[in-house]
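Data block below; observations after.
Read-outs: derived from the displayed coordinates by stated rules, not from any lab. Not measured: the values here are computed from a predicted model. Cβ atoms come from the backbone with ideal geometry, glycine included; neighbour counts cover every protein chain shown.
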Amino acid sequence: MKLSTAISLLAGAAPLVSAAAAPRLERKMNYDGYKAYSIATHHNPAAIKAKLTRFAAIPFNLDNDEHLDIAIPAEEVAAFEALGLETQLMHEDLGADIAEEGTFAPYTSVGAQAVPSLTWFNSYHAYADHITFFNDLQASFPNASEIFTIGKSFQGRDIFGIHIWGSGGKGSKPAIYFHGTVHAREWISAKVVEYITYHLLTQYATDAAVRAIRDKFDFYILPVVNPDGFVYTQTNDRLWRKNRQTRSGQSCVGTDQNRNWNYQWSVTGGASTSPCSETYKGLAAGDTPEIRALTAFTTTLKNSRGIRLYIDWHSYGQYILLPYGYDCSARASNHAAQSSLASGMATRIRQSYGTTFTTGPSCSTLYKTTGSAPDYMTAVGGATYAWTIELRPAGSSGGGFVLPATQILPSSIEQWEGIKYVLAQV
Ligand SMILES: [Zn+2]
């Protein structure tokens, strides 16, 4: 894809390219020899983008004011480096790093006979194994959990989750509601959500703090809310982001589910109307099967348990982002409480490995987004707290979306420590 196309994905507020941009190729993408760079923009990303229009680059981040992260094909590396931009190398050979990351350990089902092994968190896995792992985990705790499905993806896959409860019994407490992998290429998010699920279940009997948390809430945890996109990242294109929805008359595939929620969807500048864009918002709010199903489920939670805390787990950048995304001056009515809680979580995260997370309202801290999940959960879903967490790496180095498997466990452990703190407070 030409960066002229890519830049339209980044631009959001002011796309530089028309809707006539070429579709991303529907074939197996080979990133061998691509180098990925984080380019310092000194608060002027437009000036950098202007220099890159002739490159067939792949964009990683969207609208970040401080750095522009991109991958450059091997044959253009020399010309790119001749520009003399201030860069940090993210991937010496993106294809090689994808190959290493994509060496999945096999998962052998343990059925209901035993709790799955923690070795699950030593590598990434095929989508089918994520389903088996979740079913195995649930089967070990049949009296405190159940698997549920909320509907089907565009290609007909079940969107599944696990419901976990404590001593109050099934469906008796306020809801804690987690989504993972809305953006297909953000693989670490499924693993972190699974790690939290694993420990909520396995530590209930032995850890008083976990027991107290479990007894206060009903948990509804969906590790992969974009299953079609996630499968596509494993079969065709590791850097795919959107769902896999086709629309008549459009050559480009996919809608950004996190720009499709029915709250402030029509506001301009926080999503794209170009079907080829990475942030394509769809033709109407909620016109993706995935968001329709998630919206119906959210309504059920709102009208029954009420949503105490919602977190949408993403990567990357190391942020805890609070409402709102659609307007940089809008704040949640309990903003001070949200802000202080997020700071406390960042402190707990840092205590594990020194990893620094930045906290603040989504729009003013990172960039403007419309039709995003936390905005919807706050304004329509009635969630007391609704956040986006952008996991490792920070972005200037460390792998972008292709985070080495050796970082799954530390990423998960620091989030577990952070979320335990949050759940004890809310
Ligand atoms: Zn994301």
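A few comments on the model shown:
- Across the stretch 329-343, computed HN-Hα scalar couplings (Karplus, 6.51 cos²θ - 1.76 cosθ + 1.60, θ = phi - 60°) run 10, 6, 9, 5, 5, 9, 4, 4, 5, 5, 5, 5, 5, 5, 5 Hz from first to last residue, x flagging Gly and Pro.
- Added length on full extension, which subtracts the Cα-Cα distance from 0.36 nm per residue, residue 44 to residue 247: 69.6 nm
- In this structure the amide hydrogen of residue 371, modeled in the peptide plane, comes within under 5 Å of the amide hydrogens of 263, 265, none closer than 5 places in sequence on its chain.
- Charge tally in the Cβ shell below 15 Å around residue 111, where Lys, Arg are +1 and Asp, Glu are -1, residue 111 excluded: -2
- Residues whose amide H lies under 5 Å from that of residue 383, counting only those 5 or more places away or on a different chain, are 378; hydrogens are built 1.01 Å from N in the peptide plane.
- Of all beta bridges that DSSP places with both ends in the stretch 98-251, some 65 percent have antiparallel geometry.
- Between residue 206 and residue 343, the modelled label-to-label distance comes to 3.6 nm, taking each label 7 Å out from Cα in the direction of the beta carbon.
- Normalising the average separation of contacting C-alpha pairs (under 8 angstrom, six or more residues apart) by the number of residues puts the relative contact order of the chain at 17 percent.
- Segment residue 126-residue 336, length gained on full extension (0.36 nm per residue, minus Cα span): 71.5 nm
- The phi torsions of the stretch 274-282, fed into the Karplus equation with coefficients 6.51, -1.76 and 1.60 and a -60° offset, translate into couplings of 8, x, 7, 6, 5, 10, 4, 8, x Hz, rounded to whole numbers, with Gly and Pro shown as x.
- Summed over all non-identical Cα pairs, the Kirkwood treatment of the chain gives a radius of 21.6 Å.
- Here the stretch 263-340 yields Rg over Rh of 0.98, to two decimals, using C-alpha coordinates and the Kirkwood radius.
- Inter-probe distance in nm under a simple model that places probes 7 Å from Cα toward Cβ, at residue 30 and residue 406: 2.8
- Of all the options 413, 176, 188, the one that moves most in a Gaussian network model of the chain with Cα springs shorter than 10 angstrom is 413.
- Within the chain, longest stretch free of exposed trypsin sites (Lys or Arg not before Pro) [DSSP loop, at most 11 other beta carbons within 10 Å]: 29-426
- Mean separation of Cα contacts under 8 Å (6+ apart) over length of the stretch 187-308, as relative contact order %: 15
- Remark: the stretch 344-351, residue by residue, has Karplus-estimated 3J(HN,Hα) of x, 5, 4, 5, 5, 4, 5, 5 Hz, where x stands for each Gly or Pro and the curve is 6.51 cos²θ - 1.76 cosθ + 1.60 at θ = phi - 60°.
- Two-site label geometry, residue 143 and residue 352: point separation in nm, points 7 Å out along Cα→Cβ: 3.0
- Under 5 Å between amide hydrogens, built in the peptide plane, is the criterion, and for residue 282 it picks out 256 among residues at least 5 positions away or on other chains.
- Area projected by the alpha carbon convex hull of the stretch 274-319, averaged over all directions, nm²: 4.8
- Calculated FRET value between residue 119 and residue 262, using beta carbons and R₀ = 35 Å, to 0.05: 0.30
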